[in-house]
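Step one of this worksheet: look at the structure below.
No lab work stands behind these numbers, since they all come straight from the coordinates. Nothing here was measured: the structure is a model prediction, and the numbers come from that model. Here Cβ is always computed from backbone atoms with ideal geometry, including for glycine, and neighbour counts include all displayed protein chains.
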Amino acid sequence: MEGFRITGGERIEGRVRLEGAKNAVLPILAASILPQGDVVIRDCPDIRDVHAMAGILSRLGCRCRWQAGEMTVCNQGLHNWEMPDALSKQIRSSIFLLGPILARMRRATVTYPGGCDIGLRPIDLHLKGLRALGVVIVDDGGILYCDGRNMHPGDVYFDYPSVGATENVMMAAALLPGVTTIHNAAREPEIADLQRFINGMGGCIRGAGTQVIEIQGVQRLEGITYAPISDRIGAGTLLCAGAITGGTVELTNACPWDLLPVTEKLREMGCTIRTEGELMLLEAKERLSAFSRLQTQPHPGFPTDMQAQMLACASVAHGTSVIVENVFENRFAQAADLTRMGANILVSGRMAVVQGVDALHGARVCARDLRGGAALVLAGLAAQGETVVENAALVDRGYAHLEDTLSSLGAKIQRIQL
Ligand code: EPZ
């Protein structure tokens, strides 16, 4: 197993160019089986989830080539509509392939992608959306046999604005002649990026970013070379690295509007944040102040993927902060490890009450999920002494060479074998 060894106390200072957003690239990779032609994704992050998704595409018959930050997908050999258990359970995002597979081959066999440490991760909304388009889905002991021979456009209403379910229906309907409308759609920036991607291939989708998305199915989509939006969660994580160490961080290709909930909270904690176009500059003061309350919500609310990082910042802030996690049912796992580092956190159900301490101390801790692992790295940057974060592979799912990025900003961090 690999881990990170961090010697805390260094200010994080410097300039970073962000990579493409993990949560934009994963659905875009799934949508890469839709066109008659190759897809080239620029600024593709070198992360485990991207390579896992490419591996699944290969098993379906596509050819995926990774070269210097670009992923090329050739779907000419697409022939397999089955995603056996081993593949489906590799990553949660495998479920994003259900819509595109049905769009191209009108049938699919998948298994439940399984939950992960942050929650059960059901797929009932995905299945509800596809059934509204005429897909017949039979659940035989966890294996889902999907028959799309009679697929038709339709109206889909989501009880909850699920990101993945919204994306799945957008992709399933993209080649379905007629108008499909999604009501109570997710509004995350990555949804708008998927719309731009599909429309760039000749699709006709509008409304992404609002609660109503209209998909006019077309006969054919063409290949494309596409640069996805930059990673707003990666950006927020680096801003938190500056904030928690009293440093200065400049991001050169950020989307400030997509980060507004995060930057507002960091300003509340006493950071100065200036933006100009895609440039963002954070300057932290000596010690952070507690924010009064943080509640995660679907976009444009505070992003759940930044909750763990803010929990780490609150751990060393002056005062008491309250965090309510409204999106996932189990996303405070890293609180136990932060407590081992000296944090004072009370977790009760979906609420965490954090009494900031003057300083954390280094400890040996373990990443339990992607963003919780990133939060432990942030805590290690601020802690006195040495911290070892086990299970770096979980962090590598969503951050490309995090230790290199942080080292370039002055951190004392290295990847180690444990
Ligand atoms: C996407 O997951 C992201 N992943 C997650 O990022 C992110 O946390 C999440 O959206 C919320 O923003 C990718 O885009 C690859 P949801 P997704 O469907 O699509 C419930 C990260 O760290 N739900 O919006 O799975 C679900 O249980 C990851 O980068 C159902 O009940 O999120 C959860 O409570 C973590 N039924 C809530 O909705 C369903 O059919 C939000 O889930 C689907 C979801």
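Assuming R0 = 22 Å, what is the FRET efficiency of V212 and L260, from their Cβ-Cβ distance, to the nearest 0.05?
Details: r = 22 Å, r/R0 = 1.00.
It comes out at approximately 0.50.
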> Using a basic spin-label model with each label point 7 Å from the Cα along Cα→Cβ, how many nm lie between E386 and R42?
Replying inline: 4.4 nm
> From the residues T405, A359, L175, which one has its Cα farthest along the dipole of the chain in the positive direction, the dipole being from +1 and -1 charges on Cβ of Lys/Arg and Asp/Glu about the Cα centre?
Replying inline: L175
> So for segment 179-239, Kirkwood radius off the Cα pairs, Stokes-Einstein at 25 °C and 0.890 mPa s: how many µm² s⁻¹?
Replying inline: 193 µm²/s
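Just to be sure I understand: of the beta bridges DSSP finds with both ends in the chain, what percent are antiparallel, rounded to 5? Present the calculation step by step, with values, prior to reporting the outcome.
Working: 58 of 81 bridges.
For the chain, the DSSP antiparallel bridge percentage is about 70.
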> Along the charge dipole of segment 103-152, which of M105, C146, V135 sits closest to the positive end, that is, farthest toward it, with unit charges on the beta carbon of Lys, Arg, Asp and Glu (+1, +1, -1, -1)?
Replying inline: M105
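Taking the number of other C-beta atoms within 10 Å as the exposure measure, put C204, C146, C313 in order starting with the fewest.
Details: C204 14, C146 22, C313 28.
Placing the least packed residue first, the sequence is C204, C146, C313.
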> Based on the alpha carbon coordinates of segment 32-135, what radius of gyration and maximum Cα-Cα distance (Dmax) apply, in Å?
Replying inline: 13.9, 41
>> Test of understanding: ordering S315, S58, S230 by Cβ neighbours within 10 Å, fewest first, what list do you get?
In response: S58, S230, S315
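What does the charge dipole of segment 319-377 about its Cα centre add up to, to the nearest 20 debye, if the Cβ of each Lys and Arg holds +1 and the Cβ of each Asp and Glu holds -1? Each step should come with its number before you reach the end.
Numbers: 6 positive and 5 negative charges, 24 e Å.
Once rounded to the nearest 20, the dipole reads 120 debye.
Report, in debye and to the nearest 20, how large the dipole of segment 164-288 comes out about its Cα centre when Lys and Arg carry +1 and Asp and Glu carry -1 on their Cβ. Walk me through the intermediate numbers first.
Details: 10 positive and 15 negative charges, 33 e Å.
The dipole magnitude comes to about 160 debye.
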> For the chain, what does -39500 (n - 2.57) per DSSP helix run (n ≥ 4), summed and divided by total residues, give at 222 nm, in deg cm²/dmol to the nearest 500?
Replying inline: -9000 deg cm²/dmol
> If you take all C-alpha pairs in the chain, what percent of them are over 32 Å apart?
Replying inline: 35 percent
>> At R0 = 60 Å, how high is the FRET efficiency between D358 and H152 if r is their beta carbon distance? Nearest 0.05 is fine.
In response: 0.45
> For S407, S32, S321, S292, what ranking results if the residue with the fewest other Cβ atoms within 10 Å of its Cβ goes first?
Replying inline: S292, S407, S321, S32
>> Quick check for me: using +1 on Lys/Arg Cβ and -1 on Asp/Glu Cβ, what's the dipole size of the chain about its Cα centre, in debye to the nearest 20?
In response: 300 debye
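Pairs K89/K128; K128/K265; K265/K412; K265/K285; K89/K412: which exceed 25 Å Cα-Cα?
Values: K89/K128 21 Å; K128/K265 36 Å; K265/K412 27 Å; K265/K285 14 Å; K89/K412 35 Å.
Flagged as over cut-off: K128/K265; K265/K412; K89/K412.
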>> I need the calculated FRET efficiency for the pair S292 and Q417, taking r as the beta carbon distance and R₀ as 51 Å, to the nearest 0.05.
In response: 0.75
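Which order, highest average first, do 263-275, 101-113 follow once you tally other Cβ atoms within 10 Å for each residue and take the mean per peptide? Walk me through the numbers on the way to the answer.
On the way: 263-275: 18.1, 101-113: 21.1.
Those peptides, ordered most packed to least, come out 101-113, 263-275.
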